[in-house]
Amino acid sequence: MPERLVFVGDSITDSHRDRSDASSLGDGYVRIIANDLGDAATVVNVGISGNRAVDLAARWDRDVARTSPDVLTIYIGVNDMWRRFDRDDETTAAAFESTVRGLVDTDVVRSSRVIFVEPYLLPVREEQNGWLDDLDGKRDVIARIAREIGADLVPLHGILTRAANGDPAALAPDGVHPSDRGARLIADAWLEVYRAG
């Protein structure tokens with residue numbers, strides 16, 4: 001029987017999916033994973049563009065808990081950083097941690113294999129270099145919680161930083177939203193962790 005893989009997160013996961021169609025996977029890394037795995041998996045995408053951790057918490061029971069995943073992928077954190085700099089709406093690392101801990105202290109997490117995807121930023125504008133310290137706090141939270149609950153972790157920030165090789169815009173034109181090549185790299189990084197498990 002195919003494994004049921006559920007992906008929840010922000011725009012990188014959403015990636016233009018049709019939210020009126022439960023089978024829509026968008027055109028990003030989730031679609032690539034589904035294509036690669038074929039009949040071996042049933043893939044569900046419940047990502048929503050713009051989401052922060054608190055938005056996941058608000059819709060967790062409705063959109064995630066009832067999906068009954070065998071494998072649940074949680075990919076959140078970049079908007080918790082970004083909103084500080086584009087809207088002066090900060091989410092501290094402590095607040096982010098509190099919210100994510102609430103998400104993992106749920107039956108759906110306890111009954112699933114969990115894969116966390118580490119948020120990344122590939123600075124393409126000079127001021128974005130100053131955003132990395134804020135993101136580091138969110139990355140640390142994700143890594144720490146993954147260790148504590150025995151979840152898998154896709155160490156995406158380092159993978160994409162190395163792959164950028166001095167040309168970050170080729171992977172993420174705005175530093176965050178991946179190009180087709182960037183989405184392929186995210187999918188490959190996820191698949192490596194998934195298959196190792």
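The values are calculated or read from the model by the stated rules, or taken from the named source; none is laboratory data. What you see is a predicted model; the values in this text were computed from it and never measured. Virtual Cβ from ideal backbone geometry, glycine too; neighbours counted across all protein chains shown. These area figures cover heavy atoms from the full protein model, side chains too; ligands, DNA and RNA do not enter into them. Shrake-Rupley method; radii C 1.70, N 1.55, O 1.52, S 1.80 Å.
Across the range 88-139, the fraction of Cα-Cα pairs farther apart than 14 Å, rounded to a whole number, is 64%.
Rounded to the nearest 500, what is the chain's calculated 222 nm mean residue ellipticity when only DSSP H runs of at least 4 contribute -39500 (n - 2.57) each, over all residues?
Details: 9 runs with 89 residues, N = 197.
For the chain, the value works out to -13000 deg cm²/dmol.
Considering only the other residues whose Cβ falls under 11 Å of the Cβ of Ala170, what net charge follows from Lys and Arg at +1 and Asp and Glu at -1? Intermediate results must be reported in sequence, preceding the final value.
Numbers: positive: Arg181; negative: Asp167, Asp180.
Once all neighbours under 11 Å are counted, the net charge is -1.
Surface analysis of the range 127-181 yields an accessible area of 49 Å² per residue, using protein heavy atoms and a 1.4 Å probe.
Per-residue counts of other Cβ atoms within 10 Å, averaged by peptide: what ranking do you get for 2-9, 134-141, 70-77, highest first?
Details: 2-9: 21.6, 134-141: 19.8, 70-77: 24.5.
Descending packing order for the listed peptides: 70-77, 2-9, 134-141.
Atom-type composition of the exposed protein surface of the chain places 45 percent of the accessible area on carbon and sulfur (1.4 angstrom probe). Coupling constants for the range 103-110 follow from the phi torsions by the Karplus curve (6.51 cos²θ - 1.76 cosθ + 1.60, θ = phi - 60°), and in residue order they are 5, 7, 8, 9, 4, 5, 6, 5 Hz; glycine and proline get x.
Here the Gaussian network model covers the chain, with springs between Cα atoms less than 10 Å apart; of Ala143, Ala151, Ala22, Ala22 fluctuates the most.
Normalized C-alpha radius of gyration of the range 39-197, against 2.2 N^0.38 Å?
Working: Rg = 15.4 Å, N = 159, 2.2 N^0.38 = 15.1 Å.
Scaled against compact globular proteins, the figure is 1.02.
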